[in-house]
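S.K.: Let me begin by handing over the structure; questions about it come next.
The values are calculated or read from the model by the stated rules, or taken from the named source; none is laboratory data. It should be emphasised that the depicted structure is a prediction, and the values quoted were computed from it without experimental measurement. Methodologically, a virtual Cβ is constructed for each residue, glycine included, from the backbone with ideal geometry; neighbour enumeration extends over all protein chains shown. Heads up: the accessible areas ignore ligands, DNA and RNA and are worked out on the full protein's heavy atoms, side chains in. Shrake-Rupley method; radii C 1.70, N 1.55, O 1.52, S 1.80 Å.
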Amino acid sequence: VNNDNMVMNIDYASTFLDFAGIEIPKDMQGKSLRPILENKNTNDWRTSIYYHYFEYPAEHSVKRHYGIRNSRYKLIHFYYDIDEWELYDLENDPNELKNIYNFPENEELINNLKIELNKLREHYKDTDDNKFLPKANIKINHKGIGAKVTFEHQYSEKYSGGNHNALFDGWTSPDTMISSVDYSVWQG
């Protein structure tokens, strides 16, 4: 383990090609790990990594998000059906338990991380925010259709909807369900 060199799974293919003596195509996103493995000069190695998780809703039920991580901080942007940011100080909070995004003293740090994040999104050609939007008007049959919606918990203004039709977990619903609903905005 080398904390000085940040590697990603996209580096594996380039590494295999490099060790096999095959030229690495210029359009491959990864870098060969050979210099690191051979303890050579890695002064030009990346200092941060970009990632994107978009398999929601899938078995893990992790909201869609992308982020940047460097040796100390991790900045995450959740999107799709919410718009939330998280920032973690991995040195003082390695388990990512305390979100420090809204702390005023972190404003300059956040701005710098967002600049780097946008550079990496452009580098990896992952800047189209529209490509992972929900598919509209998926027809479903559900026992909740036609039911009166009532709330056990007060809705939160920070979630989509922002009114009496917003469920407490951020999904929205009309007061009375109709024969088909947009699955992307309703959860029974």
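S.K.: How many residues are out of contact with any Ser or Thr (no Cβ under 9 Å at 6 or more places or on another chain) and closer than 23 Å to ARG46 by Cα when one looks only at the range 78-92?
M.R.: Going through the range 78-92 one residue at a time, the tally reaches 5.
S.K.: Would you confirm whether any residue within the range 40-50 is under 20 Å from LEU120 (Cβ atoms), under 12 Å from the mean Cα position of the chain (by Cα) and surrounded by 17 or more Cβ atoms within 10 Å (Cβ to Cβ)?
M.R.: yes
S.K.: Scanning the range 96-123 for residues that are surrounded by 14 or more Cβ atoms within 10 Å (Cβ to Cβ) and touching a residue at least 40 places away in the same chain (Cβ under 8 Å), which turns out nearest to ILE68 (Cα to Cα)?
M.R.: Ranking the candidates gives LEU117 first.
S.K.: Another question about this same structure. Kindly provide the set of residues from the range 1-39 that are of a type in the set (D, E, K, R), surrounded by 15 or more Cβ atoms within 10 Å (Cβ to Cβ) and within 25 Å of the chain's Cα centre (by Cα), ordered by number.
M.R.: ASP11, LYS31
S.K.: Given the condition open to solvent by 30 Å² or more (accessible area, probe 1.4 Å), of a type in the set (A, V, I, L, M, F, W, C) and either farther than 16 Å from TYR124 by Cα or touching a residue at least 24 places away in the same chain (Cβ under 8 Å) (or both), answer yes or no: does some residue in the range 85-95 qualify?
M.R.: yes
S.K.: For the range 7-31, which positions are among the polar types (S, T, N, Q) and farther than 26 Å from THR127 by Cβ?
M.R.: Matches in the range 7-31: THR15 only.
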